[in-house]
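Let me begin by presenting the structure, written as C-alpha cells, before commenting on it.
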Amino acid sequence: MKPNILLIYTGGTIGMMMDPETKALKAFDFSELLVHIPEIKQLDCHIDTYSFDHPLDSSDMNLKEWRKLGDVIHERYDDYQGFVVLHGSDTMSYTGSTLSFMFENLTKPIILTGSQLPIGDLRTDAKENLITSVQLASQQDHGKPVIREVCIYFEYQLYRANRTAKMNADHFEAFSSPNYPPLAISGVHLNIDKRRLWDWPGNDPAIEVVKDDATKMRYRPELVNDVVVLKLFPGITPKVVSAICNIAGLQGIILETYGSGNAPTEGWFIETLKTALSRDIRIVNVTQCVGGAVSMGKYETSIQLKSLGLVSGKDMTTEAALAKMMYLLHHTSSLPDFRYYFETSLRGEVTE
C-alpha cells in the first residue's frame with residue numbers, strides 16, 4: 001500500500017504566493033496544493049494537508065506553538081507513515097531540536113523543510129525542498145519507514161534536525177550540520193546513508209518506562225522555558241552577567257563560551273557562576289564555534305569552569321542544548337541526573 005503522508009503548514013516563506021493585485025506575499029490555501037505543485041501527483045504516496053489557522057512567521061515560534069505542532073502529529077500518529085512540516089527557516093533548527101526530544105522512540109519520519117524564496121517565485125527552491133521531503137518521508141523498507149527521526153531537508157541534503165543550525169540568510173544552502181554528516185543527499189539518485197540514521201534509542205533514561213514496552217513511541221511535550229542563553233564576549237561586564245544570572249525564577253543557563261569551552265578567569269565571573277549554581281540553576285557550557293566541541297580543562301581558562309561543576313554540552317549546537325535543557329529540566333530533579341542525561345546522547349544530538 002502507498003504510505004500516507006501528512007503535510008503540515010505552520011507558516012514561513014515556503015507557503016507564500018504573490019497576490020496579483022497587491023503584489024504582497026500571502027499564505028496560499030494548502031487544500032489547493034496540487035494546483036501549485038502538480039509534480040506531487042507523481043509521488044508514490046497519499047498526501048493529506050493540515051494548516052495552522054493562523055500561519056506564523058517562525059520568529060514567533062514558542063513553547064505554545066511547539067505544543068500545538070506536537071499535538072497535531074501525536075493525534076494523527078497512527079494514521080500516517082510520515083510527516084512533513086513546512087516551517088520558516090529562521091527558527092527551524094530550534095523547532096526540529098525540540099520535536100526530537102518531545103517524541104521518544106520515534107518510529108516514523110518527521111521532516112521539516114522550508115525555502116528561501118516563496119513557492120510562487122520563478123526561481124524558488126520551495127518545490128524541490130517540498131517534493132524531496134515528501135519522497136524521503138515516504139521511503140519504506142519491508143513496510144516500515146526507513147527514517148525514524150526528526151530531520152531537516154534543505155537544498156539537496158537531509159540532516160538530523162538536532163545537529164543543525166541556520167548559517168546563511170541569503171543562499172539556498174541555508175543550513176549546516178557541522179558535527180554530523182548528512183543522512184541523505186539528493187542528486188540524480190536519492191541516497192540515504194542508513195549507517196547514519198538514528199535507530200530506536202530504547203528507554204529514555206530520564207524517565208522510567210516498562211521494560212517490555214521500551215520501543216513504544218511516547219509523546220513528551222512538557223518543557224520548561226525558564227532558561228536563558230548567555231553569550232560571552234570580550235568586555236562583558238559584571239553587571240550584565242549578574243543581571244542574567246539573577247533573573248527571577250531562572251532554572252537554566254546555556255553559557256556560550258569561547259573555543260573549546262573557555263571563559264574569563266576573573267574572580268567576579270567565577271563567583272557569579274558559583275552563586276547561580278548554589279541556587280540550583282543548571283549551567284551548560286557550549287562553544288560559540290560553528291564546529292567542534294567543549295573540552296573543559298584542556299586550557300587553563302576552562303579549568304575553573306570544570307571545577308565549579310558546569311555541565312558539558314560537548315559538540316551540541318546551541319539550539320539542541322537549549323531544547324534538551326527545556327526537556328530535562330522537567331524530567332530530572334537532581335544535578336547528577338541532569339548532568340548524566342545531558343551528556344548522554346538521547347536522540348543522536350551529541351557525540352559520545
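The values are calculated or read from the model by the stated rules, or taken from the named source; none is laboratory data. This one's a predicted model, so the numbers in the text were calculated from it and none came from an experiment. Don't worry about glycine lacking a Cβ; one is built from the backbone with ideal geometry, like all the others, and counts go over all protein chains shown.
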Condition broken by D226, with the remaining ones in (1) within 18 Å of the chain's Cα centre (by Cα); (2) within 21 Å of T332 (Cα to Cα) satisfied: (1)
Enumeration of residues in the stretch 261-278 that are out of contact with any helix residue (DSSP H, G or I) (no Cβ under 7 Å at 6 or more places or on another chain) and farther than 23 Å from S334 by Cβ: P264, E266, G267, E271
Number of positions in the stretch 117-162 that are outside any strand (DSSP E or B), closer than 19 Å to Y180 by Cβ and of a type outside the set (S, T, N, Q): 8
Single unsatisfied condition, L346 versus (1) part of a loop (DSSP other than H, G, I, E, B); (2) of a type in the set (A, V, I, L, M, F, W, C); (3) at pLDDT 95 or above; (4) over 18 Å from A161 (Cα atoms): (4)
Contacts under 7 angstrom Cβ, first residue in the stretch 132-159 being not assigned by TED's automatic domain parsing to the domain that holds Y77 and surrounded by 24 or more Cβ atoms within 10 Å (Cβ to Cβ), partner in a strand (DSSP E or B) and of a type in the set (G, A, S), 6 or more apart: none
Meets criteria (more than 15 Å from F83 (Cβ to Cβ) and under 14 Å from the mean Cα position of the chain (by Cα)) for Y153: no
Index of the failed condition, I185 passing every other in (1) modelled with pLDDT of 95 or more; (2) over 27 Å from M102 (Cβ atoms); (3) touching a helix residue (DSSP H, G or I) at 6+ places or on another chain (Cβ under 8 Å): (3)
Residues that are part of a helix (DSSP H, G or I) and touching a residue at least 12 places away in the same chain (Cβ under 8 Å), drawn from the stretch 240-254: V241, S242, I244, C245
Spans of strands (runs of 3 or more DSSP E) in the stretch 1-116 with at least 1 residues under 21 Å from the mean Cα position of the chain (by Cα) and at negative phi: 4-9, 46-51, 82-86, 110-113
Boolean, T132 is more than 21 Å from the chain's Cα centre (by Cα), farther than 22 Å from G348 by Cα and not hydrophobic (A, V, I, L, M, F, W, C): no
Subset of the stretch 163-197 (residues that are aliphatic (A, V, I, L, M) and not in a loop (DSSP other than H, G, I, E, B)): A165, A184, I185, L190, I192
Within the stretch 61-90, tally of residues that are free of Cβ contacts under 8 Å to residues at least 60 places away in the same chain and surrounded by 14 or more Cβ atoms within 10 Å (Cβ to Cβ): 3
Residue that is in contact with a Leu (Cβ under 7 Å, 6 or more places away or on another chain), in a loop (DSSP other than H, G, I, E, B) and of a type outside the set (S, T, N, Q), where the choices are M326, M316, M296: M296
Residue that is outside any loop (DSSP other than H, G, I, E, B), crowded, with 16+ Cβ neighbours inside 10 Å and not basic (K, R), where the choices are T275, T257: T257
Checklist (1) crowded, with 18+ Cβ neighbours inside 10 Å; (2) free of Cβ contacts under 8 Å to residues at least 60 places away in the same chain; (3) closer than 21 Å to I131 by Cβ applied to H46, failing item: (1)
